[in-house]
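The values are calculated or read from the model by the stated rules, or taken from the named source; none is laboratory data. Just so we're clear, the structure is a prediction, and the values are computed from it rather than from any experiment. Neighbour counts run over all protein chains shown; Cβ positions are idealised from the backbone, glycine included.
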Amino acid sequence: MKPSILFAFLLFICFGCSDNEPGFIEEEETDQEIPVENPEENPETPEEPEETYEVAGEIEFYDENLISEGYVLVNDVGFNRVYMINKDKAEIRHEWELEQGIGNDAELLENSDLLVSLIAEDVAFGFGGFGGLVQLVAPDNTVKWEYEINTTFELGHHDVEQLPNGNILILVWEGKLNADARETFGYAYDDEVIYAEKLIEVNPATNEIVWQWSSWDHTIQEDDVTKSNYGLISENPQRIDLNYRDTLRDGSYNGDIMHANGIEYDAQNDLIYISVNFYSEVWVLDHSTTTEEAALNTGGKRNKGGDLVYRFGNPETYNNSKGTRMFFYNHGINKIANTEHILIYANGGLGGVTQSVVYELALPDAFVMQPDTDNELDEVWSFTDPDLFAPRVSGAYRLSNGNTLITEGDYGCWEVTQNQEIAWKYKGTGFTWRAYAYDKDDTVLNPFDLQ
């Protein structure tokens, strides 16, 4: 084709096509203004990413209608963490930033502070549950107070408790050299150092020890008539047999002969309960004594001084044939609010007992204990299951709706009803010392963003 003919043909293609054909757009004339979108007036709102939380374990629902709504504070000693989880997903909604590893117990106080037992630096000795340092930690992780009890022969361990007057009760191992223990107390074994139990009450405002009690002041033994604590064990249930050894237990004590693991203060009766693991029983003390009276067997409202006001769980410890043994190791004693009942976790793990039991027991009316008498408490309620077994740690806590939160230390938590129905389970990823439950509307949770 000649160039002149090609040019004419291209002009025809460009200017002779219709509005609906590609290659040509004709603008309409109009008086109407075409709106132009202003990005500032019509901003696009990006979708905010959903907040994610670390999941602390697995939740299993058995009957959601039976569950008490709220949160659970977990003392995860396996990973040295203390955190609050929700019940529907086991999400960690708050975690405390602690300066040291935890020495087991941590619980919220009424003012939302965390009272926690921590592991002190450079401890001189230690058995399972050792600590040495106690702190009060504010919701913003500020340390408001701390107290260290960590010497060659004394070490705080396991449990701490705030009293109504604001003072802090601390459980302590108190050691004595074998020569001293033999010569003074008639101790019969070869451990280099013997560690018995002690309680101290500290005023946080002054760090002064305002009250204390030592089990060394209230022992009895039948081996050495020349010692001042000699006597017939069966006739003195108020005294502690220093040389008691559970025949069902294998292995060495390494000097840790009692291994208390929990304390509870009973404000209504001004009593202290001590869970004593290696004796498989609970000791009851009169807190109304002075420190001087607490070293004696007279004084206080019950005029027993620091002798045991009561004991229960294992009558074999004081050679009593009239009672029936209930505990084979025990942990986590808690008094149920507005009742005269207590909850305690009986671990099992002795004598072929491989199933744990949670007991609700009725406290005695007058706390009067007699020799050669059945002094064991009446069972009000209990829960067990073939799958419930932790030979160590653990505990039980009564919820506001009547359910019971059970900590199975090697597993996690169970929530069970008064009819012994399983409502909920939490399988943790660590090792749970104890767990405490809080209702959603509990004011103690106000400083924490848990929603």
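Which one is farthest from residue 412 (Cα to Cα), of the residues in segment 376-386 that are of a type outside the set (D, E, K, R) and surrounded by 13 or more Cβ atoms within 10 Å (Cβ to Cβ)? If you could, list the steps in order and put the result at the bottom.
Our first condition is that a residue be of a type outside the set (D, E, K, R); within segment 376-386, this holds for 377, 380-384, 386.
Subsequent filtering for residues that are surrounded by 13 or more Cβ atoms within 10 Å (Cβ to Cβ) retains 377, 380-384.
On the way: 377: 28, 380: 25, 381: 22, 382: 19, 383: 16, 384: 15 Å.
In this case the residue turns out to be 377.
Name every residue in segment 198-241 that is in contact with a helix residue (DSSP H, G or I) (Cβ under 9 Å, 6 or more places away or on another chain), surrounded by fewer than 17 Cβ atoms within 10 Å (Cβ to Cβ) and in a strand (DSSP E or B), in order of residue number.
Within segment 198-241, 209, 210 meet the criteria.
Of the residues in segment 343-378, how many are of a type in the set (Val, Ile, Thr) and closer than 20 Å to residue 240 by Cβ?
So the first thing to find is which residues in segment 343-378 are of a type in the set (Val, Ile, Thr), and the list is 344, 353-354, 357-358, 368, 373.
After this cut, where a residue has to be closer than 20 Å to residue 240 by Cβ as well, the list is 344, 368, 373.
Total meeting the criteria: 3.
Restricting attention to segment 329-375, which residues are surrounded by 13 or more Cβ atoms within 10 Å (Cβ to Cβ), β-branched (Val, Ile, Thr) and farther than 18 Å from residue 389 by Cβ?
Result: 333, 336, 339, 342, 373.
Give the residue that is nearest to residue 280 (Cα to Cα), with candidates limited to residues of segment 242-252 that are under 29 Å from the mean Cα position of the chain (by Cα) and modelled with pLDDT of 95 or more. So that I can check it myself, show each step before the final result.
We begin by selecting, within segment 242-252, every residue under 29 Å from the mean Cα position of the chain (by Cα); these are 242, 244-246, 248-252.
From the residues that got through so far, the ones that are modelled with pLDDT of 95 or more too are 242, 244-246, 248.
On the way: 242: 14, 244: 11, 245: 11, 246: 9, 248: 11 Å.
Out of the qualifying residues, it is 246.
Among the numbered criteria (1) touching a helix residue (DSSP H, G or I) at 6+ places or on another chain (Cβ under 8 Å); (2) more than 29 Å from residue 415 (Cβ to Cβ); (3) crowded, with 20+ Cβ neighbours inside 10 Å; (4) not hydroxyl-bearing (Ser, Thr, Tyr), which one does residue 309 miss?
Only one criterion in (1) touching a helix residue (DSSP H, G or I) at 6+ places or on another chain (Cβ under 8 Å); (2) more than 29 Å from residue 415 (Cβ to Cβ); (3) crowded, with 20+ Cβ neighbours inside 10 Å; (4) not hydroxyl-bearing (Ser, Thr, Tyr) is unmet by residue 309, namely (1).
Of all residues in segment 315-329 being touching a residue at least 60 places away in the same chain (Cβ under 8 Å) and under 24 Å from the mean Cα position of the chain (by Cα), which is farthest from residue 258 (Cα to Cα)?
Among those that are touching a residue at least 60 places away in the same chain (Cβ under 8 Å) and under 24 Å from the mean Cα position of the chain (by Cα), it is 328.
Exactly one of (1) more than 21 Å from residue 354 (Cα to Cα); (2) surrounded by 20 or more Cβ atoms within 10 Å (Cβ to Cβ) is unmet by residue 395. Its number?
Here residue 395 clears every test but (1).
If you scan segment 139-177, which residues turn out to be touching an Asp or Glu at 6+ places or on another chain (Cβ under 6 Å) and not in a strand (DSSP E or B)?
Across segment 139-177, the qualifying residues are 141, 167.
Please go through segment 183-197 and pick out each residue that is over 17 Å from residue 256 (Cβ atoms) and either surrounded by 18 or more Cβ atoms within 10 Å (Cβ to Cβ) or touching a Cys at 6+ places or on another chain (Cβ under 8 Å) (or both).
Passing the criteria: only 186.
Give the residues of segment 57-102 that are in contact (Cβ under 8 Å) with a residue 60 or more places away in the chain and of a type in the set (A, V, I, L, M), sorted by residue number.
59, 66, 67, 72, 73, 74, 77, 84, 85, 90, 102
Test each condition in (1) modelled with pLDDT of 95 or more; (2) farther than 30 Å from residue 84 by Cβ; (3) of a type in the set (A, V, I, L, M, F, W, C) for residue 34 and report the one that comes out false.
Among (1) modelled with pLDDT of 95 or more; (2) farther than 30 Å from residue 84 by Cβ; (3) of a type in the set (A, V, I, L, M, F, W, C), the lone unmet condition for residue 34 is (1).
For segment 204-214, does any single residue satisfy the condition of being over 23 Å from the mean Cα position of the chain (by Cα), closer than 20 Å to residue 327 by Cβ and not basic (Lys, Arg)?
Of the residues in segment 204-214, the ones over 23 Å from the mean Cα position of the chain (by Cα) are 205-214.
Pick out the ones that are also closer than 20 Å to residue 327 by Cβ and you get none.
No.
So for segment 394-406 (the condition being over 23 Å from residue 161 (Cα atoms) and out of contact with any Ser or Thr (no Cβ under 8 Å at 6 or more places or on another chain)), does at least one residue qualify? So that I can check it myself, show each step before the final result.
First, pick out the residues of segment 394-406 that are over 23 Å from residue 161 (Cα atoms): 401-403.
Filter once more, keeping what is out of contact with any Ser or Thr (no Cβ under 8 Å at 6 or more places or on another chain): none.
Scanning segment 394-406 turns up no residue that is over 23 Å from residue 161 (Cα atoms) and out of contact with any Ser or Thr (no Cβ under 8 Å at 6 or more places or on another chain).
Does any residue in segment 164-185 that is within 24 Å of residue 118 (Cβ to Cβ) and in contact (Cβ under 8 Å) with a residue 40 or more places away in the chain come within less than 6 Å, Cβ to Cβ, of a residue that is charged (D, E, K, R) and surrounded by fewer than 19 Cβ atoms within 10 Å (Cβ to Cβ) six or more places away or on a different chain, and which pairs are these?
The qualifying pairs are 174/154.
Exactly one of these conditions fails for residue 276: (1) surrounded by fewer than 21 Cβ atoms within 10 Å (Cβ to Cβ); (2) within 16 Å of residue 241 (Cβ to Cβ). Give me its number.
(1)
I need a count of the residues in segment 97-118 that are surrounded by fewer than 18 Cβ atoms within 10 Å (Cβ to Cβ) and either part of a strand (DSSP E or B) or of a type outside the set (S, T, N, Q) (or both).
Step one: list which residues in segment 97-118 are surrounded by fewer than 18 Cβ atoms within 10 Å (Cβ to Cβ), which gives 97, 99-101, 109-112.
Filter once more, so that each one left must be either part of a strand (DSSP E or B) or of a type outside the set (S, T, N, Q) (or both): 97, 99, 101, 109-110.
Looking only at that region, the number is 5.
(1) touching a Lys or Arg at 6+ places or on another chain (Cβ under 9 Å); (2) in a strand (DSSP E or B): which one isn't true of residue 93, the others all being true?
Of everything listed in (1) touching a Lys or Arg at 6+ places or on another chain (Cβ under 9 Å); (2) in a strand (DSSP E or B), residue 93 misses just condition (1).
Of all residues in segment 405-442, how many are in contact (Cβ under 8 Å) with a residue 60 or more places away in the chain and surrounded by fewer than 23 Cβ atoms within 10 Å (Cβ to Cβ)?
Count: 16.
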